[in-house]
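Notes follow the structure.
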Amino acid sequence: MNGKPASVQRMHDDATIPPRNTLIAIATEETSMQDDPATPESAASPAEVALDPGTLQLGINGKPYFHRGDPSMPLLWYLRDTLRLTGTKYGCGIGACGACTVLIDGKAAHACETPMLAAAGRQVTTIEGLQGEVLHPVQQAWIEEDVVNCGFCQAGQIMAAVDLLQRKPAPVESDLTAIGNLCRCGSYPRIRRAILRAAELIRTSNR
Amino acid sequence: MSGGVDESRRRFLHVGLCASGALLVGFGHARAQSLPLAPELIGDDLTQLSPFVLIERDNRVVIGARGCETGQGVITSLPMLIAEELDVDWSRVRVTQLPYGYIENNGQPGNRYGNQSSDGHRTIPLAWKELREAGAATRALLVAAAARVWSLPAAELQTASGHVVAADGRRLRYGTLARTAASLPAPVTPRALKDPDAFHIIGKPTRTTDAHNIVTGRTRYGSDEYLSGMLFAVILRCPTLGGALESCDESAARKVVGVRDIVRIEGNSADAALDGPLAAGIAVIADNTWAAIEGRRALVPAWTPGPWPEESTALLSARAHALLDAGTDGISVHSEGDMPGSRRRARLKLNARYEVPFLAHAPMETPGALIEIRQDSALLIASLQDPDGASRIISEMTGLPRTVLEIRLPRSGGSFGRRLRNDFVAEAVLVAKASAKPVKLLWLREDDIAHDFYRPFGVHALAATLDRNNRVAGWSHRCAATPRNNRNAAIADDPIWKGCMQPDDFPTGLVAHLEKTFFALESGMPRDGWQAPMPAFDAFAVQCFIDEIAFATRRDPVQLRLEMLGEPRELANAPDASTAFDTARMAQVLRVCAEKIRWSSRRTDGHGLGIACHYTSGGYVAHAFEIAMQGEKLKIHRAVCVVDVGRVINPLGLEAQLIGGTIDGISSALNLAITVKDGRVQQRNFPDYRLLPMAQAPAAVEVHAIESSRDPVDADELGIASVAPALANAIFATTTVRIRKLPLMPELLRML
């Protein structure tokens with residue numbers, strides 16, 4: 001499909017599995033019922049221990065996490081069920097709709113098709129981690145153009161737009177239509193306007 | 001909510017539905033359910049003045065949104081109505097979603113917030129009356145409080161921007177008055193509503209109120225909720241229509257790490273109503289979603305086929321044509337004048353048949369439900385469209401009275417009519433009862449596409465007789481379709497044709513001789529309403545046929561439509577609405593649409609224009625497209641949508657609904673169909689149910705709303721029905737190929 005975000009296949013190819021036996025900070029055993037599930041494992045307090053074989057380390061929104069469960073579990077369900085970062089949505093499970101789009105090492109990827117093994121050693125950015133002190137210009141543009149109808153696909157749309165604008169700061173028609181994320185509500189005309197507005201916001205802020 | 005106010009001194013706007021269905025707005029002592037508060041507001045000093053309004057001492061206002069927000073914008077538009085009459089600045093308003101407000105009045109079911117279902121045609125008309133009155137009544141309390149403080153007659157006081165203002169210029173903030181207001185006796189008579197000339201919120205472009213939470217990923221949709229100690233479930237459903245589970249080897253599934261239990265779900269017998277689970281299935285209950293999915297993948301089931309093992313779209317189509325050919329067994333839906341006589345006298349007779357497919361709703365957020373059933377109560381958190389139905393189902397299945405069921409109404413990832421059925425709630429109840437824990441059921445996309453209540457399949461046979469002046473004298477519309485009314489207890493008493501034909505739809509009242517006949521096509525496919533259930537089912541046939549008549553008689557399609565609409569007048573009994581069908585309003589949207597697309601200008605660029613109009617639930621719509629063929633690709637250069645919805649509450653929201661409806665219309669018209677073969681649905685996921693991607697969508701949809709002071713109507717379904725015929729008419733203008741079967745693209749590529 002045209003404009004599909006960086007495919008998982010490619011990520012497998014150049015995936016760097018974290019080196020075993022590396023001494024790193026590690027925290028308590030991961031459970032799916034943590035009281036505050038989105039809290040990263042603290043890098044400060046726990047003792048430095050050897051990483052268990054089979055433990056996968058990855059960065060999510062700038063913080064380290066460790067996964068000791070099924071390495072074939074897609075990143076989508078780790079984000080949602082384990083970390084409760086529910087901004088990333090399930091839409092199709094086969095990388096056809098883009099509702100689960102996140103950034104992996106800065107590039108758009110489908111979390112539903114990215115096994116934890118392939119995410120290991122990488123930096124993941126979800127919609128929750130996009131803003132800094134203020135909203136990301138793409139988020140800002142999404143509000144200003146009032147893009148949302150039901151809103152369910154919009155986190156994925158926003159992540160796809162962030163990816164596009166990183167590659168193409170001044171996107172042309174073919175760049176916009178290369179985005180394959182589906183919107184069942186049909187908000188495409190406003191998505192287009194919002195991407196162009198975000199490009200403008202980024203340009204003016206860089207001036 | 002706090003503030004140390006004595007609960008007993010509060011008076012609450014008491015809203016409930018009386019037996020006749022009319023809304024009672026009055027003040028009673030009934031303890032209204034407190035508004036749920038956004039976390040950032042908890043601890044603030046808020047006073048509740050009505051089920052819909054909280055006011056803080058610093059004059060911030062919290063307004064409760066009562067509707068099910070599925071993307072139609074009611075979380076913004078409904079609170080706007082309250083805020084307008086309350087007379088506060090929208091910038092000071094914070095909106096919070098209300099839960100389901102079930103109450104019983106003398107044993108009769110009611111709702112403290114009024115209508116909370118979103119059925120596509122009642123939401124705005126009801127809210128327009130009730131919520132403005134609720135806002136006005138709350139404002140009256142604040143005025144009465146100020147009158148007491150100043151010892152002035154209330155009649156001498158006015159309000160502006162969240163303040164009560166005296167004639168001498170003194171002002172008091174609502175926030176200052178809130179506690180006094182909460183202790184006052186309630187006004188008994190409805191308050192006078194604002195003169196529309198004074199509106200400062202209604203009619204102003206207003207952005208989605210919770211957009212910030214959505215773009216930052218903070219909004220919790222139904223599927224985003226979790227409960228302590230909960231389990232996760234997915235269900236493998238029988239792939240054949242009405243089939244049953246014969247046996248299942250669960251051994252591998254039970255070995256999947258994280259799988260807790262496997263539960264069998266009974267299907268429905270072939271003649272039972274589809275009010276519970278839609279299909280027989282096997283639920284896998286696990287510690288997380290992925291384990292449940294993996295467990296499901298490891299199941300080895302053996303299914304027995306249901307009573308429709310032969311069912312296929314090809315057979316349905318053949319049977320529909322055979323029924324229409326035979327012409328017997330039809331049920332008369334409506335007739336006027338003397339159609340047989342008109343046939344004998346006709347100078348010209350025209351006939352054409354049009355086929356429309358099953359369609360799936362495919363909301364972006366698949367169905368699902370999180371439910372906790374306790375000894376004496378239950379909690380449901382799910383993306384819903386009909387919480388009344390969910391409440392009834394849970395009560396029936398658990399034996400718990402409806403008054404102890406808490407139902408939260410998170411934002412839904414679309415619905416399009418899918419969530420008018422609560423089969424997924426019934427499934428969740430079964431799984432939760434079996435596991436004795438809170439359970440979140442998730443439908444995978446494959447479940448959603450292959451197990452839906454589909455928009456009916458049908459063949460429309462249209463015939464027209466023309467007199468010597470080429471005027472349309474007679475009109476025959478015969479439809480053979482799988483009735484929408486099937487195995488549904490809620491509408492079992494409705495006529496079988498309802499949902500596929502309308503007695504008073506266009507051109508009833510506009511031609512001298514008319515007959516509408518329905519032929520029921522038996523099918524095992526579950527059916528129900530899709531977007532704009534009725535108009536989107538027949539507008540393609542009716543509005544294409546008018547173009548065919550125009551072509552056959554060498555007339556302009558716009559002129560022919562205007563001629564058929566005739567003199568400006570109101571026809572009684574407009575379909576699906578209490579209002580009359582106004583030929584002048586229909587003619588106006590058509591004329592404006594023709595003007596915007598530059599209908600009359602001669603083209604030399606090979607682009608073709610197509611136009612169509614339709615009446616949907618009280619609203620008038622016309623669509624026009626300018627298209628061109630680029631090889632095998634259809635390029636939409638311009639899309640114009642003109643509507644008359646009465647007064648526009650939120651222009652930005654209305655535009656969003658019509659852009660969305662138009663694109664949904666394009667998506668379904670060009671590419672979408674659900675087909676059945678050997679008793680099973682053939683599509684599984686988006687690759688074979690190809691929603692329109694951005695690349696195929698027009699860059700813009702030019703939306704124009706006719707200025708009007710009439711009462712507003714719902715707009716969420718409005719933008720769909722006239723799209724398919726306008727596109728088909730544009731394809732004819734561009735290629736001279738007349739397509740009479742949806743979806744258009746496969747037919748076009750076959751015929752080019």
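Each reported figure results from applying straightforward, stated rules to the coordinates on display, with no laboratory input. In this text the structure is predicted, and so the values were computed from the model without any measurement. Positions of Cβ are backbone-derived with ideal geometry, glycine not excepted, and every protein chain shown enters the neighbour counts.
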Of the range B:676-694, those with amide N under 18 Å from the point 7 Å along the Cα→Cβ vector of B:ALA318 are B:676-680
Residues B:SER50, B:SER183, B:SER383 in order from fewest to most other beta-carbon atoms within 10 Å are B:SER183, B:SER50, B:SER383
Between B:ASP688 and B:LYS635, the FRET efficiency computed from the C-beta separation at R0 = 22 Å comes out, to the nearest 0.05, as 0.40
For A:LYS63, counting only lysines whose alpha-carbon sits under 20 Å away and dropping same-chain residues fewer than eight positions off, the answer is A:LYS107
Per the helix-only model, the protein assembly as shown has a calculated mean residue ellipticity at 222 nm (DSSP H runs of ≥4, -39500 (n - 2.57) each, divided over all residues, rounded to the nearest 500) of -8500 deg cm²/dmol
Counted neighbours (other Cβ, 10 Å), sorted fewest up, put B:MET80, B:MET501 in the order B:MET501, B:MET80
Excluding residues fewer than 8 positions from B:LYS635 in its own chain, the lysines with Cα under 26 Å of it are A:LYS4, A:LYS168, B:LYS596, B:LYS741
Exposure proxy check on B:VAL61, B:VAL643: fewest-to-most Cβ neighbours within 10 Å is B:VAL61, B:VAL643
The lysines whose Cα lies under 21 Å from the Cα of B:LYS194, excluding any fewer than 8 residues away in the same chain, are B:LYS129, B:LYS204
Output for the range B:585-687: GluC sites (Glu not before Pro) sitting in coil per DSSP, at most 11 other Cβ within 10 Å, listed by number, reads B:GLU632
Charge tally for neighbours of B:PHE506 with beta carbon under 10 Å away, counting Lys, Arg as +1 and Asp, Glu as -1, is -2
Across all Cα atoms of chain B, Rg and the largest Cα-Cα distance (Dmax), in Å, are 27.5, 83
Neighbours of B:TYR174 by Cβ distance under 10 Å: Lys/Arg at +1, Asp/Glu at -1, summed charge +3
Counting only DSSP loop positions in the range B:485-558, the GluC sites (Glu not before Pro) whose Cβ has at most 15 other Cβ atoms within 10 Å are B:GLU522
Surrounding charge for B:ALA721, neighbours by C-beta under 11 angstrom, Lys/Arg +1, Asp/Glu -1, total -4
